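The values are calculated or read from the model by the stated rules, or taken from the named source; none is laboratory data. The model shown is predicted, which means the values in this text are computed figures rather than measured ones. Here the Cβ positions follow ideal geometry from the backbone for every residue, glycine too, while neighbour counts run over all protein chains shown. Note: accessible area is taken over every heavy atom of the protein model, side chains too, but ligands, DNA and RNA are not part of it. Shrake-Rupley method; radii C 1.70, N 1.55, O 1.52, S 1.80 Å.
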Amino acid sequence: MTINELQDEIIEEFEGFDDWMDKYQMLIDLGNDLEPLDDRYKTEQNLIDGCQSRVWVQCDLTDEGLMHLQADSDALIVKGIVALLLRVLSDQKPEDVLAADLYFIDRIGLREHLSPTRSNGLVAMVRQIHAYAVAFSTQE
């Protein structure tokens, strides 16, 4: 699926909830479903700067030229947020990640319902994923 198709799917899923407590619960459930990150990737290099909680993002380029992302966090809601980012951006081409407009963040109301520190953390996670995309796009 394309990045926009994945975003539209997430928007549709979140539209089923009117109450933000239900949306937070969905984020927690997504975080709980996220594959645990191998401890060998929980390094300072993979730790996201600017997050109040601890978030690690690992990215590898597959043989097909796709960015395979893995991540983890020690905070449940943040883990859910990173799970959404991985769902949209993992296994995509670096140039598609760089060109992506991550409109789902605003459309599901996430940005307006996050504390300033969580919002800064979200920006830092996206910035790190973009940095991986830049690095991998220059390798080709």
(Q) Criterion first (touching a His at 6+ places or on another chain (Cβ under 8 Å), surrounded by 21 or more Cβ atoms within 10 Å (Cβ to Cβ), at pLDDT 95 or above and not acidic (D, E)) does V88 satisfy it? (A) no
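Is it the case that some residue within region 31-50 is of a type in the set (S, T, N, Q) and surrounded by 13 or more Cβ atoms within 10 Å (Cβ to Cβ)?
Yes, region 31-50 contains a residue that is of a type in the set (S, T, N, Q) and surrounded by 13 or more Cβ atoms within 10 Å (Cβ to Cβ).
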Q: Would you please name the residue that is nearest to H113 (Cα to Cα), looking only at residues in region 47-95 that are out of contact with any Asp or Glu (no Cβ under 9 Å at 6 or more places or on another chain), of a type outside the set (A, V, I, L, M) and in a strand (DSSP E or B)?
A: S73
(Q) Going residue by residue through region 97-108, is there one that turns out to be open to solvent by 70 Å² or more (accessible area, probe 1.4 Å), within 18 Å of T2 (Cα to Cα) and either in contact with an Asp or Glu (Cβ under 6 Å, 6 or more places away or on another chain) or in a helix (DSSP H, G or I) (or both)? (A) yes
Q.
Out of D72, D29, I need the residue that is at pLDDT 95 or above and farther than 16 Å from G121 by Cβ. Which one?
A. D29
Q | Complete set of residues in region 1-17 that are over 17 Å from A83 (Cβ atoms) and more than 16 Å from the chain's Cα centre (by Cα) | A | E15, G16
